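The values are calculated or read from the model by the stated rules, or taken from the named source; none is laboratory data. Computed from a predicted structure; not experimentally measured. All Cβ positions, glycine included, derive from the backbone under ideal geometry; neighbour counts span all protein chains shown. These accessible areas exclude ligands, DNA and RNA; they are computed on the full protein's heavy atoms, side chains included. Shrake-Rupley method; radii C 1.70, N 1.55, O 1.52, S 1.80 Å.
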Amino acid sequence: MSMFDKNISQEKLKSLEFAEAAREMEWKFPSFALKLFHGSLDLGLIHPFPKEDPEQKEACNEYMVKIEKFLRENLNPDAVDLTGVIPPNVYKGLADLRAFALKIPIEYDGMGFNQYSYNRIMHLVSSYCGSTAVLLSAHQSIGVPQPLKLFGTPEQKKKYLPRFAQGAISAFALTEPEAGSDPRNMTTTATPVDDGKAFLINGQKLWCTNGLIADLMVVMAVTPPKIVHGKEIKQITAFIVEGNSPGIEKVHRCTFMGLRGIQNGLMRFNNVKVPRENILLGEGEGLKLALMTLNTGRLTLPAASTGIGKWCLNVVRQWSTKRHQWGSAIGEHEAVALKLSFIASNTFAMDAVTWLTSAMADDKRRDIRLEAAIAKYFCTEVSWKIIDETLQIRAGQGYETASSLAGRGMDYWPVERAFRDLRINRIIEGTSEIMHLFIAREALDPHLSKIKPLLSSRVPLDVKIKAALKMAAFYTVWYPPLWMPSFAGNDINGLPQPLNKHMIFVQQASKKLARGSFHQMVKYQQKLESKQSILNRIVDIGTELFAISAVCSYAAKLALDGQANAVDLADSFCSDARKRIEALFKEGPNNNDAQNLKIAKKILAKDFEWMENQIIK
Ligand SMILES: Cc1cc2nc3c(=O)[nH]c(=O)nc-3n(C[C@H](O)[C@H](O)[C@H](O)COP(=O)(O)OP(=O)(O)OC[C@H]3O[C@@H](n4cnc5c(N)ncnc54)[C@H](O)[C@@H]3O)c2cc1C
């Protein structure tokens with residue numbers, strides 16, 4: 001059955017159900033983004049823009065000076081790129097700086113930085129050396145420290161957390177050759193032995209960053225199934241595993257187009273024995289752990305993307321003034337000038353989104369699963385466009401390698417390396433396509449949770465009737481106001497013009513988005529899950545609305561702090577984003593998706609194989 005069949009295939013349904021079982025069901029705290037998707041602008045949840053904790057800020061400032069000095073004096077990113085090696089003295093120096101214990105609490109000898117400060121450090125390191133940033137981030141954003149801090153028992157914390165201050169490096173092993181985006185395909189097993197006191201892990205893990213040098217790893221493996229309503233339910237469990245455990249075979253070091261210095265590879269687990277007490281969170285809770293870890297773990301990528309965006313701005317500003325062609329500096333030609341403006345205003349937007357979501361993660365009074373996913377999706381997509389435009393402005397010298405530029409005495413701006421290093425961000429920690437699905441699922445949850453009991457064959461009739469009545473009562477109150485104009489007046493939470501007018505737009509567009517999503521839910525019901533073109537537009541509109549909101553609040557804060565022209569950048573970003581939103585709304589009912597999906601079906605059926613001619617295959 002092809003993916004375009006009207007009914008979702010059984011296999012697809014099973015994967016969706018599997019992912020669904022790992023979802024966080026409850027919304028314990030409010031979510032600004034969730035409300036936006038449902039027609040309500042609750043600006044008070046993000047505005048005034050959160051302030052950095054003063055103590056953290058001071059400590060982080062000091063730390064950033066130290067790590068920058070260390071990196072400048074000891075690490076040559078081009079040499080890392082050429083040789084594929086981060087030198088041993090750099091590992092040692094980073095360990096001495098306790099760079100592997102940035103978020104570890106002080107009581108365990110760590111630096112005790114919060115998410116905001118940690119992201120500031122990652123932002124700085126990313127702007128200098130992608131491989132080093134990923135070494136630190138794979139370890140601390142998704143590796144052992146983060147889930148251990150979140151879900152570890154007191155004994156586990158006491159045993160493992162202090163090791164990171166000594167420089168222990170960790171990794172996160174989820175992906176397998178056949179299990180990329182879809183964890184249901186996982187085949188690595190953890191079989192109970194010794195009366196269940198221990199497990200034997202067998203299988204393969206692929207593309208595990210830091211895996212080849214890790215002292216500790218979080219390894220996801222399939223444990224014995226649970227039986228629910230007579231059906232076997234696959235269980236995935238997370239284990240803390242010592243990197244030097246007998247039976248771990250480091251089969252192959254993978255090399256990539258960028259991030260040449262990372263120690264990433266294929267690993268085989270042959271009867272690797274792990275005690276039961278090394279389970280994190282609980283047996284069968286591995287996927288939930290991965291998703292919850294990523295809620296904050298994902299925020300490093302926005303910070304890293306923003307660091308690169310600012311670096312690009314620095315490069316193109318200098319180069320566009322210096323390089324003269326056709327009688328003027330290239331920055332004075334309109335085509336280049338518009339790129340400069342795009343780079344600056346979009347970097348500003350990434351900055352706003354990054355620091356807003358980082359602060360939200362520390363605040364802990366907001367549900368940030370949607371905001372973190374939006375931040376990851378938005379910043380990795382935008383930064384990719386930015387590096388592409390930066391390379392275009394640098395043109396031939398953008399395509400030339402840094403060592404070649406240096407070899408002929410030219411300006412040193414390693415755009416080519418940054419371009420290669422950055423590309424992976426749209427793939428790791430959830431591809432952009434999976435982020436679309438994740439955001440759509442969470443954004444539509446208030447509808448889905450109401451409809452679900454009506455669609456389930458296991459729910460008795462009287463419960464269904466009750467659910468239907470409750471649903472009718474809810475929608476009678478919720479739906480009509482979505483058609484009403486907003487009476488926000490001229491002042492939303494004291495935002496100055498032109499920011500205020502952009503937020504009035506957000507208020508109206510949020511209602512339109514909520515109406516549109518609801519209509520699609522009614523039209524397609526359960527089948528909406530496979531209507532990705534519809535879901536993607538819903539998500540893209542919500543993402544832009546979130547970015548506009550973050551940008552307006554951030555610009556208002558910066559203006560108050562004395563950076564008045566931040567409002568110009570905000571205005572430029574918001575005006576462009578509004579045009580994109582309007583285009584997406586128009587595309588909803590008026591697009592060529594059906595035609596293009598037919599073409600795709602024919603491609604898969606080899607109808608256009610004749611096109612693949614006169615090439616060397
Ligand atoms: C440099 C690097 C570092 C990595 N580090 C780690 C790590 O530390 N730990 C770890 O566990 N893994 C790691 N990974 C793995 C990474 O997380 C996966 O590459 C990623 O999850 C995507 O899986 P995949 O590459 O197998 O793509 P696939 O899942 O095979 O997807 C292929 C394409 O299909 C799309 N697609 C898949 N399913 C759907 C769907 N339902 N709807 C729409 N589109 C879909 C995808 O978006 C993608 O475009 C790393 C990978 C690389 C390259």
Notebook entry, point to check: When the stretch 208-252 is examined, which residues are found to be within 24 Å of Ala19 (Cα to Cα), surrounded by fewer than 19 Cβ atoms within 10 Å (Cβ to Cβ) and of a type in the set (Gly, Ala, Ser)?
Noted result: Gly230
Check: Out of (1) within 30 Å of Leu13 (Cβ to Cβ); (2) in contact (Cβ under 8 Å) with a residue 24 or more places away in the chain, the odd one out for Leu135 is which?
Finding: (1)
Next item on the list: Could you tell me whether any residue of the stretch 410-428 is without any contact (Cβ under 8 Å) to a residue 24 or more places away in the chain and under 30 Å from Ala19 (Cα atoms)?
Entry: yes
Note to self: When the residues of the stretch 362-381 are narrowed to those that are open to solvent by 10 Å² or more (accessible area, probe 1.4 Å) and under 18 Å from the mean Cα position of the chain (by Cα), which ends up farthest from Ala577 (Cα to Cα)?
What the structure shows: Asp362
Next item on the list: Would you mind telling me which numbered condition in (1) touching a Lys or Arg at 6+ places or on another chain (Cβ under 8 Å); (2) open to solvent by less than 30 Å² (accessible area, probe 1.4 Å); (3) within 30 Å of Ser517 (Cα to Cα); (4) of a type outside the set (A, V, I, L, M) His47 fails?
Entry: (1)
Next item on the list: Output yes when any residue across the stretch 484-496 is within 16 Å of the ligand (Cβ to nearest atom), surrounded by fewer than 18 Cβ atoms within 10 Å (Cβ to Cβ) and outside any helix (DSSP H, G or I), and no when none is.
Entry: no
Item checked: Cβ pairs under 7 Å, 6+ apart, first in the stretch 215-232 and touching a residue at least 24 places away in the same chain (Cβ under 8 Å), second of a type in the set (Asp, Glu) and more than 15 Å from the ligand (Cβ to nearest atom) -> Leu216/Glu242; Thr223/Glu283
Notebook entry, point to check: Would you pick out the residues in the stretch 286-313 that are basic (Lys, Arg) and more than 17 Å from Asp182 (Cα to Cα)?
Noted result: Arg298, Lys310
Margin query: Within the stretch 447-468, take every residue that is open to solvent by 60 Å² or more (accessible area, probe 1.4 Å) and polar (S, T, N, Q) and give me the one that is nearest to the ligand (Cβ to nearest atom).
Written below: Ser449
Item checked: Which numbered condition Ala344 fails, given (1) farther than 23 Å from Val134 by Cα; (2) open to solvent by 30 Å² or more (accessible area, probe 1.4 Å) -> (2)
Margin query: Please list, ordered by residue number, the helices (runs of 4 or more DSSP H) wholly in the stretch 93-173 having 2 or more residues that are in contact with an Asp or Glu (Cβ under 6 Å, 6 or more places away or on another chain) and away from the ligand (no atom under 16 Å from the Cβ).
Written below: 115-126, 154-165
Note to self: Of the residues Gly284, Gly261, Gly309, only one is surrounded by 24 or more Cβ atoms within 10 Å (Cβ to Cβ) and part of a loop (DSSP other than H, G, I, E, B); which?
What the structure shows: Gly261
Next item on the list: Please specify each residue of the stretch 236-278 satisfying the condition of being farther than 30 Å from Leu75 by Cβ and in contact with a helix residue (DSSP H, G or I) (Cβ under 8 Å, 6 or more places away or on another chain).
Entry: Ile236, Thr237, Ala238, Phe239, Glu277, Asn278
Next item on the list: Consider Ile106 carefully, then state whether it is free of Cβ contacts under 8 Å to residues at least 24 places away in the same chain and β-branched (Val, Ile, Thr).
Entry: yes
Margin query: Whether any residue in the stretch 537-559 is on the phi < 0 side of the Ramachandran plot and open to solvent by 80 Å² or more (accessible area, probe 1.4 Å) is what I want to check.
Written below: no
Note to self: I'd like the full set of residues that are among the small types (Gly, Ala, Ser) and farther than 30 Å from Thr296 by Cβ, limited to the stretch 400-433.
What the structure shows: Ala402, Ser403, Ser404, Ala406, Gly407, Gly409
Notebook entry, point to check: Which of the residues belonging to the stretch 192-206 are open to solvent by 40 Å² or more (accessible area, probe 1.4 Å) and within 13 Å of the ligand (Cβ to nearest atom)?
Noted result: Gln204
Next item on the list: Tell me which of these Ala468 doesn't satisfy, since it passes every other one: (1) under 21 Å from Glu26 (Cα atoms); (2) aliphatic (A, V, I, L, M); (3) under 32 Å from the mean Cα position of the chain (by Cα).
Entry: (3)
Next item on the list: Check whether at least one residue in the stretch 516-539 is aliphatic (A, V, I, L, M), free of Cβ contacts under 8 Å to residues at least 40 places away in the same chain and out of contact with any Ser or Thr (no Cβ under 9 Å at 6 or more places or on another chain), and report yes or no.
Entry: yes
Checklist line | Out of Thr188, Thr209, Thr237, sole residue that is free of Cβ contacts under 8 Å to residues at least 60 places away in the same chain and within 16 Å of the ligand (Cβ to nearest atom) | finding: Thr237
Notebook entry, point to check: So which residues in the stretch 76-89 are crowded, with 22+ Cβ neighbours inside 10 Å, outside any loop (DSSP other than H, G, I, E, B) and hydrophobic (A, V, I, L, M, F, W, C)?
Noted result: Val80
Check: Is there any pair with a first residue in the stretch 275-304 that is over 18 Å from Ala173 (Cβ atoms) and a second that is of a type in the set (Asp, Glu) whose Cβ atoms are under 8 Å apart and which are 6 or more apart or on different chains, and what are they?
Finding: Glu277/Glu155; Leu301/Glu429
Notebook entry, point to check: Residue check: is Phe32 under 29 Å from Gly494 (Cβ atoms), buried (at least 16 other Cβ atoms within 10 Å of the Cβ), touching a residue at least 24 places away in the same chain (Cβ under 8 Å) and in contact with a Gly (Cβ under 8 Å, 6 or more places away or on another chain)?
Noted result: no
Checklist line | Residues that are in contact with a strand residue (DSSP E or B) (Cβ under 8 Å, 6 or more places away or on another chain) and open to solvent by less than 20 Å² (accessible area, probe 1.4 Å), drawn from the stretch 312-329 | finding: Ser320
Next item on the list: Could you identify the single residue in Lys512, Lys466 that is at pLDDT below 90 and farther than 30 Å from Ser9 by Cα?
Entry: Lys466
